[in-house]
1. Give me the three principal axis extents of the chain from the C-alpha atoms, as integers in angstrom, largest value leading.
2. Mind checking the full-extension length gain between residue 139 and residue 265? Use 0.36 nm per residue of separation minus the Cα-Cα distance, one decimal, nm.
3. Would you kindly state how much longer the chain becomes between residue 212 and residue 247 on full extension, computed as 0.36 nm times their sequence separation minus their alpha carbon distance, in nm to one decimal?
4. Out of 112, 234, 162, any idea which swings most in a Gaussian network model of the chain, alpha carbons joined below 10 Å?
5. For each of 155, 2, count neighbouring Cβ atoms within 10 Å of the residue's Cβ, then give the residues from fewest to most.
6. Rounded to a whole number of µm²/s, how large is the Stokes-Einstein D of the stretch 139-285 at 10 °C and 1.306 mPa s, given Rh as the Kirkwood radius over C-alpha pairs?
7. How much length, in nm to one decimal, is gained on full extension between residue 126 and residue 112, taken as 0.36 nm per residue of separation minus their Cα-Cα distance?
8. Once the Cβ-Cβ distance between residue 257 and residue 78 is put in as r, and R0 is 45 Å, what FRET efficiency do you end up with, to the nearest 0.05?
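Taken together, the values in this text are just the output of simple stated rules run on the coordinates, not laboratory data. Keep in mind that what you see is a predicted model, and the values were worked out from it rather than measured. Every residue, glycine as well, gets a Cβ built from its backbone with ideal geometry; the counts of neighbours run over all protein chains shown.
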C-alpha cells in the first residue's frame, strides 16, 4: 500500500512563502492499494495534486466529514468531469439526509458554477458502513471519532499493512488520555497496532487550552495516543494555517523529543509534507 500526501493543512488553504516546505493545501491523501485500486482520503484542495496516471479504474473518495476544508477540492477533481469515469464518494451518515444532498449544498449556485447534476462522470454517493467493508484488495473499517459534527476515522488493511487516518480528532476532549481505558479512547480500535498513523496535530501544547472543544489535538495528545495504540510510524497532519514552516519544524522537534523519551525511534515520527510518498508496512530507513 502506497500513500501520497496531497494536502496537509487544516481549516483553510495557506499559499505563500511561509508554507513552501510543508505545503498549503487542505487535507487529502492518495492511497494506492496492492491491486491498483485508488482510494482518496478527503477532498480538500490537495485533491488537485492527485495523479491517477491515466488510470481508468474506478476511484473511491472517502470523506471523514463534510467541513469545507475536507470537500472544497471536489469541484477541481478532474475525474468528475470525465465522461464515463467511475467515482464513488463515501461519507458519514447524518440522519435521513442523503450524502449527495449534503455535498450538493456546497456544489451548487451561488457557491459554485457547476452543480452535481451537470457532472458527466458516473458518480455515486454512499454512506460509509459502520464496521468493515471491502474496496478492491483492502478491508476498510470506519468508526465515529470525536470531532464537531458527524466525523469518521478510517483503518485500511491491505496486503499485511495497516493505515489509520484520523485527520480531525480530539480524543483528549473527555479527559487526560493517560487516565482512560482503551475502551474509552476515541479512535483506539482504528489505530491499534497500525503500521502508519496519520493524525491531527493542529495545535501546540501551549495553544490547545484556548482551543479545547474545537475538535483537534495537541502534540502531547498525539504522542500519547500513538504510544497507547502501539503505532509503528506516526505522521502529524492537519497543520494549523497560522503555523509557518519554521514553526512546524519546532512542532516536529518537540514531538520527536517526546517520542524519544518513550524509548521510540525519533525517525518514526514525522510531519506531513505535500508530495511525500509513504510505503506502508515498509520499515523506516
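1. Principal-axis extents of the Cα atoms in the chain, largest first: 54, 38, 38 Å.
2. Numbers: separation 126, 0.36 × 126 = 45.36 nm, distance 2.88 nm.
Here the segment from residue 139 to residue 265 would lengthen by 42.5 nm.
3. Details: separation 35, 0.36 × 35 = 12.60 nm, distance 2.05 nm.
Additional length available on full extension: 10.5 nm.
4. 112
5. Working: 155 23, 2 14.
Least to most surrounded, the residues fall as 2, 155.
6. Details: Rh = 15.3 Å.
The diffusion coefficient I find is 104 µm²/s.
7. Working: separation 14, 0.36 × 14 = 5.04 nm, distance 2.22 nm.
My answer for the length gained is 2.8 nm.
8. Values: r = 42 Å, r/R0 = 0.93.
FRET efficiency, residue 257 to residue 78: 0.60.
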